[in-house]
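Structure record follows, encoded as structure tokens.
The values are calculated or read from the model by the stated rules, or taken from the named source; none is laboratory data. Just so it is clear, the model here is predicted, and its values are computed rather than measured. For neighbour counting, all protein chains shown are included, and Cβ atoms are generated from backbone atoms with ideal geometry for every residue, glycine included. With ligands, DNA and RNA removed, areas are computed over all heavy atoms of the protein, side chains included. Shrake-Rupley method; radii C 1.70, N 1.55, O 1.52, S 1.80 Å.
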Amino acid sequence: MPSDDVLTTGRRLRHLRTVRGLTLEALGAQVGVTPSMLSLVENGRREPRLSLLRDLAAALGVTVNELIDPEPPTRRAALEIELDKAQRSPSFQRLGLPQVRPGRTLPTPVLEQLVGLHAELARRDREAVATPEEARRANTALRVARQQRDNYFPELEVVAERMVRDAGYTSGPLTHRTVWRMAERLGFEIRHVDDLPRSTRTVTDLENGRIYLPPASTPGGHGLRSLALQAMAHRVLDHDRPRTYEEFLHQRMEITYFASSCLMPQSASVEFLAARKRSRELAIEDFRDAFGVTHEAAAQRFTSLGTHHLDIRVHFLRINEDGSIYRAYANDGLPLPVDVTGAIEGQVVCRRWGVREALSRRDHATESYQYTDTPAGTFWCSTQPGVAPTGRFALAVGVPFSAARWFRGRDTQVRRTSTCPDPACCRRPDESAAARWEQASWPSARIHQHVFAPLPSGLFPGVDAAEMYAFLDRHAPSSDA
């Protein structure tokens, strides 16, 4: 199958040849190849060697760079390339329909209609597969991929470190002014508005170089620096509009990782954590305070640096007040509960685990510590409860027993035993209580409405496009008077 670059080069070659009034035979004679070979190159069926590209460029009076320019030479050529790509897609090939060759006799309006129809079919295909099951499978695949590389992405670390240093960062917390300077260096102005579309966290106006943020951060959510950095990350990392829900999730992971790497730059973070490890005083609350971030941000950042730089395998959990997993990561063997697809989100953790017991704590100011014996071994964890607009939650960062010696709180006497997934551990009700109430009670279950809702789809998953475009119209420079 032809690649997009090879196809674009072929269309550019055809354009330059026809503009100069050359036939395939005439151009082939000049460069020493057969007309059939040139035809294969023009149709993207054969990738030309560099020597042939040089000869063709010389014969057409252009440079090699002009010949391989990735931009299609004309609107017509762009349409032909789009049609070719659409007909190579698995969803079209499954239909078993004949392909349409966009030859010169095919009218441009017909070509435009075909491309438009394919785009709509692709959109409906994406919408059809954006089911909760599909999302859970995509999210599970992403989590497993992160686990396989210890949640460490060196290419993102390098970009983040360079950008914060170029903007003047030296040590400690990344200031708002430095973040603003990073945006300016990318050609963006940050503006705070109180009428952001309800379905968005930020909106970026690419035409006028503006990043719109809310006027204040949300407790338990992302801070303003993180939101601004995530908005910038789409530009820094050259993201295209996501074509699948899997791609959307991958982009979300990358921008979150980039923002975290900026707020807690690798060099400063590793220096801080390595010193604490040497003194056996590792603590997420200290890491949090040293860089002025949320406890959750510090905890997740530790999962990215702990294994790669400190040789400590680690797990992280955030659970909702009902004990269900909101977000989790583990490369230390902690037996996370999973469903039949391998997904962990929404699964309920054992009542004996430290993160679950933290939900009953009233003190949110400090961490608590616990050892938990499980079928997979003994784990130590530090936990921190919190409150968000969506309700109470708890966070935990933990390690295998052998690694607890590096952490503050290792001397805790709190120890629990979990035999989950054995129902006798914490899920089976007391026999006497069950005998009394099984036939004498009738609960009204709370239904999670998101179970029935379709997943977000389209160019901006989850975003009300009409509301967003109206917002941009209100704030465009022409309406600033």
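Classification of the chain by its C-alpha gyration tensor yields a prolate form. The axis ratio a/c (a ≥ b ≥ c) is 1.5 or more, and a/b outweighs b/c. Counting only Cβ charges, +1 for Lys and Arg and -1 for Asp and Glu, the dipole size of the chain around its Cα centre is about 600 debye. Surface calculation, 1.4 Å probe, protein heavy atoms: Glu345 sits at approximately 40 Å² accessible.
At a 1.4 Å probe, what is the % contribution of carbon and sulfur to the accessible area of the range 244-315?
47 percent
Applying a DSSP loop filter and a limit of 12 other Cβ atoms within 10 Å to the trypsin sites (Lys or Arg not before Pro) in the range 360-429 leaves Arg362, Arg427.
In this structure, the amide hydrogen of Val203, modeled 1.01 Å from its nitrogen in the peptide plane, lies closer than 5 angstrom to those of Tyr212, counting only residues at least 5 positions away or on a different chain. Taking θ as phi - 60° and the Karplus parameters 6.51, -1.76 and 1.60, the scalar couplings of the range 233-240 work out to 4, 4, 6, 4, 8, 6, 6, 9 Hz in sequence order, x denoting glycine and proline. Classify the range 26-167: rounded, prolate or oblate, from the alpha-carbon gyration tensor (a ≥ b ≥ c, eigenvalue square roots; a/c under 1.5 rounded; otherwise prolate if a/b is larger than b/c)? Since a/c reaches 1.5 but b/c is at least a/b, the shape of the range 26-167 is classed as oblate.
Give, in nm to one decimal, the length gained when the segment between Asp373 and Thr390 is fully stretched (0.36 nm per residue of separation minus the Cα-Cα distance).
Numbers: separation 17, 0.36 × 17 = 6.12 nm, distance 3.12 nm.
Taking Asp373 through Thr390 to full extension adds about 3.0 nm, to one decimal.
Could you pull out the trypsin sites (Lys or Arg not before Pro) across the range 149-202 that fall in loop regions by DSSP (anything but H, G, I, E, B) with no more than 10 other Cβ atoms inside 10 Å? Don't jump to the answer; show the numbers that get you there.
Details: sites: Arg149, Arg162, Arg165, Arg177, Arg181, Arg185, Arg191, Arg198, Arg201; in loops: Arg149, Arg198, Arg201.
Answer in residue order: Arg198.
Against the chain, whose longest principal axis is taken from its Cα atoms, helix 132-148 shows a tilt of about 80°.
Only DSSP H runs of four or more residues enter the estimate; each adds -39500 (n - 2.57), and after division by the residues of the chain the mean residue ellipticity at 222 nm equals -14000 deg cm²/dmol. Label separation (Ala435 vs Ala119): 7.0 nm, computed from points 7 Å beyond Cα along the C-beta direction. Between Asp422 and Asp238, the modelled label-to-label distance comes to 5.5 nm, taking each label 7 Å out from Cα in the direction of the beta carbon.
Please report, as a whole percent, how much of the solvent-accessible surface of the range 1-92 comes from carbon and sulfur atoms (probe radius 1.4 Å).
Details: 2440 of 4730 Å².
Taking all protein chains in place, the range 1-92 shows 52 percent carbon and sulfur surface.
Annotation: amide H of Glu189 within the under-5 Å range of Arg210, Ile211, sequence separation 5 or more or interchain, hydrogens built in the peptide plane.
In order along the range 316-329, the phi-based Karplus estimate (6.51 cos²θ - 1.76 cosθ + 1.60, θ = phi - 60°) of 3J(HN,Hα) comes to 9, 9, 10, 10, 7, 5, 8, x, 7, 6, 9, 7, 7, 8 Hz; Gly and Pro are listed as x. Amide H contacts under 5 Å for Arg392: Glu321, restricted to partners 5 or more places along the chain or on a different chain, H placed in the peptide plane at 1.01 Å from N. In the context of the full protein assembly, Asp166 retains an accessible surface of approximately 80 Å², using a probe radius of 1.4 Å and ignoring ligands and nucleic acids. For Val348, the solvent-accessible surface with a 1.4 Å probe is about 50 Å², rounded to the nearest 10.
Compare the Cα positions of Gln30, Val62, Phe92 along the charge dipole of the range 1-95 (+1 at Cβ of Lys, Arg; -1 at Cβ of Asp, Glu; about the Cα centre) and return the one farthest towards the positive end. The residue sitting farthest along the positive end of the dipole is Phe92.
With R₀ set to 56 Å, the beta-carbon distance separating Val144 from Val62 gives a calculated FRET efficiency near 0.75. Put Phe379, Phe401 in order of accessible area, highest first, and with a 1.4 Å probe you get Phe401, Phe379. With θ taken as phi - 60° and the Karplus curve 6.51 cos²θ - 1.76 cosθ + 1.60 applied, the whole-hertz 3J(HN,Hα) list for the range 71-79 is 7, x, x, 9, 4, 4, 4, 4, 5 Hz, x standing for glycine and proline.
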